[in-house]
């Protein structure tokens, strides 16, 4: 049974006995294609993925604020079906070139720094082409640690 983002959010608020006026920061799916988006969602739901990296420049280009500690967001599958709520636990800005394996392994996606760099360079290049920024090793990357606080 499909449920809308708003219905899911209201159910989350009731089930967790939160203030009914609480708003979510964003509703989103990971990555730029269905297979990857749904695969990353499964890593979140399994507890393996506890962080995500995004381009700080993308927030500027979209005129949207970056996440901050305490923000609640809804993670969906590729088809926009809400699956869980995450809470932002930490936000750190690094240059792409400064990210180490100890940092990126919290994303739960890669077995080494080189594959993380290759995959994220490709993502940031495509994202930058779509939004109007240019990827570089000096580009600021927002690294967000999160915790799953609710699962459908």
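Read-outs throughout are calculated quantities, based only on the coordinates presented, and are distinct from any laboratory measurement. No experiment lies behind these values; they were computed from the predicted model shown. Quick reminder, even Gly has a Cβ in these numbers, built from the backbone with ideal geometry, and neighbours come from all protein chains shown.
Worth a mention:
- The chain: angle of helix 113-131 to the longest principal axis, Cα-based, in degrees nearest 10: 80 degrees
- Rg then Dmax, both in Å and based on the Cα atoms of the range 75-152: 14.0, 38.
- Rounded tilt (10° steps) of 34-46 against the dominant C-alpha axis of the chain: 70 degrees
- Among 84, 104, sorting on how many other beta-carbon atoms sit within 10 Å of each Cβ, with the fewest leading, yields 84, 104.
- Angle in degrees between helix 5-15 and the longest Cα principal axis of the chain, rounded to the nearest 10: 60 degrees
- Full-stretch length increase - residue 60, residue 118 - with 0.36 nm per residue and alpha-carbon distance subtracted: 18.5 nm
- Relative contact order of the range 1-110: 31 percent, from C-alpha pairs under 8 Å at least 6 residues apart in sequence.
- Applying 1/(1 + (r/R0)^6) with r as the Cβ-Cβ distance of residue 136 and residue 79 and R0 = 30 angstrom yields a FRET efficiency of 0.35.
- Computed FRET value (nearest 0.05) for residue 95 with residue 5, which takes r as the C-beta separation and R₀ as 25 Å: 0.15
- Exposure proxy for 86, 93: other Cβ atoms within 10 Å of each Cβ, ordered fewest to most, give 93, 86.
- Förster radius 25 Å - calculated FRET efficiency between residue 21 and residue 87, Cβ distance, rounded to 0.05: 0.90
- Just so you know, the Cα atoms of the range 32-77 work out to an Rg and Dmax of 12.3, 32 Å.
- At 1.306 mPa s and 10 °C, Stokes diffusion of the range 32-119 via Kirkwood alpha-carbon radius, µm² per second: 112 µm²/s
- Counting all C-alpha pairs of the chain, share separated by more than 22 Å (%): 41 percent
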